[in-house]
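The values are calculated or read from the model by the stated rules, or taken from the named source; none is laboratory data. Here the structure is a predicted model, which is why all the values come from computation and not from measurement. Positions of Cβ are backbone-derived with ideal geometry, glycine not excepted, and every protein chain shown enters the neighbour counts. When the accessible area is computed, the model is the full protein with side chains, heavy atoms only, and any ligands, DNA or RNA have been set aside. Shrake-Rupley method; radii C 1.70, N 1.55, O 1.52, S 1.80 Å.
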Amino acid sequence: KTLVKGVITSTIPDDGSVEIIGENAFYGIQFESIEIPEGIKSIKYGAFESCYKIKSIVLPKSLERMGYHAFSHCNELESFDLNGFTYLPPYALRWSPNLKELKGSENLVSIGQSALSACPALGTVYLGTALEKIDSEVEIKPLEAVFIWCLSASGRGGQIVVLVQLMTQRGFESH
């Protein structure tokens, strides 16, 4: 039930025969769109990394796990819909320079290190009251670690809207 590395199609079966998109399964494949069907429970490390031409992703509600770098280096990716998924793993969307919209961010419970770094076109990101953890492995403030190179790379970046009360209560630092 795992799609393995070296897939050459842009179609994921929606008949329940696939539950896991394996490590690097679609790495570097240049398709403009792909539908990730309901029933997919896990997207492994680098599964869609370097799929430069993909424009939009909607995660299935059935998704339970996502690996590091799952969608990093997707150069033309403009919209990413979490669709209820609550954890953005480290480097998940890193180096997606045309990413403008992160839908569902207000439901995130945890954001991994550099999950959205080097996404200079990213607009407003809402972080809501569900947020419990922001990973940071470096000696900078957690929010900076998640969004590093987002807001200053081109001057086009949006803003991060954080509920100040939440951040204060949970000991996070923000600007």
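What are the residues in the stretch 70-88 that are free of Cβ contacts under 8 Å to residues at least 40 places away in the same chain and among the polar types (S, T, N, Q), if any?
Matches in the stretch 70-88: SER72, ASN75, SER79, ASN83.
Does LEU99 satisfy being in a loop (DSSP other than H, G, I, E, B), open to solvent by less than 20 Å² (accessible area, probe 1.4 Å) and modelled with pLDDT of 95 or more?
The answer is no for LEU99.
Can you find a residue in the stretch 132-144 that is modelled with pLDDT of 60 or more, in contact with a Leu (Cβ under 6 Å, 6 or more places away or on another chain) and closer than 20 Å to PHE71 by Cβ?
No, the stretch 132-144 has no match at all.
Does at least one position in the stretch 39-49 carry a residue that is out of contact with any Phe, Trp or Tyr (no Cβ under 6 Å at 6 or more places or on another chain), under 27 Å from SER117 (Cβ atoms) and among the acidic types (Asp, Glu)?
No, the stretch 39-49 contains no residue that is out of contact with any Phe, Trp or Tyr (no Cβ under 6 Å at 6 or more places or on another chain), under 27 Å from SER117 (Cβ atoms) and among the acidic types (Asp, Glu).
Can you tell me which residue within the stretch 102-127, out of those that are within 17 Å of LYS61 (Cβ to Cβ) and more than 12 Å from the chain's Cα centre (by Cα), is most open to solvent (accessible area, probe 1.4 Å)?
Among those residues, the one meeting the criterion is GLU106.
Against the condition modelled with pLDDT of 95 or more and either under 18 Å from LEU127 (Cβ atoms) or not in a helix (DSSP H, G or I) (or both), how does PRO37 come out, does it pass? Don't jump to the end; show me each part of the working.
On the way: modelled with pLDDT of 95 or more: yes; either under 18 Å from LEU127 (Cβ atoms) or not in a helix (DSSP H, G or I) (or both): yes.
Yes; evaluated as a whole, the condition is true for this residue.
Which of the residues that make up the stretch 54-88 are over 11 Å from the mean Cα position of the chain (by Cα), open to solvent by less than 30 Å² (accessible area, probe 1.4 Å) and within 19 Å of THR9 (Cβ to Cβ)?
Those that are over 11 Å from the mean Cα position of the chain (by Cα), open to solvent by less than 30 Å² (accessible area, probe 1.4 Å) and within 19 Å of THR9 (Cβ to Cβ): ILE54, PRO60.
How about the stretch 49-69: which of its residues are without any contact (Cβ under 8 Å) to a residue 40 or more places away in the chain, of a type outside the set (S, T, N, Q) and part of a loop (DSSP other than H, G, I, E, B)?
Hits for the stretch 49-69 are GLU49, CYS51, TYR52, LYS53, ILE54, LYS55, LEU59, PRO60, LYS61, LEU63, GLU64, HIS69.
Counting only residues that are open to solvent by 80 Å² or more (accessible area, probe 1.4 Å) and under 15 Å from LYS61 (Cβ atoms), how many does the stretch 5-40 have?
3
For the stretch 6-22, name all the residues that are acidic (Asp, Glu) and at pLDDT below 95.
Step one: list which residues in the stretch 6-22 are acidic (Asp, Glu), which gives 14-15, 19.
Those that are acidic (Asp, Glu) and at pLDDT below 95: ASP14, ASP15.
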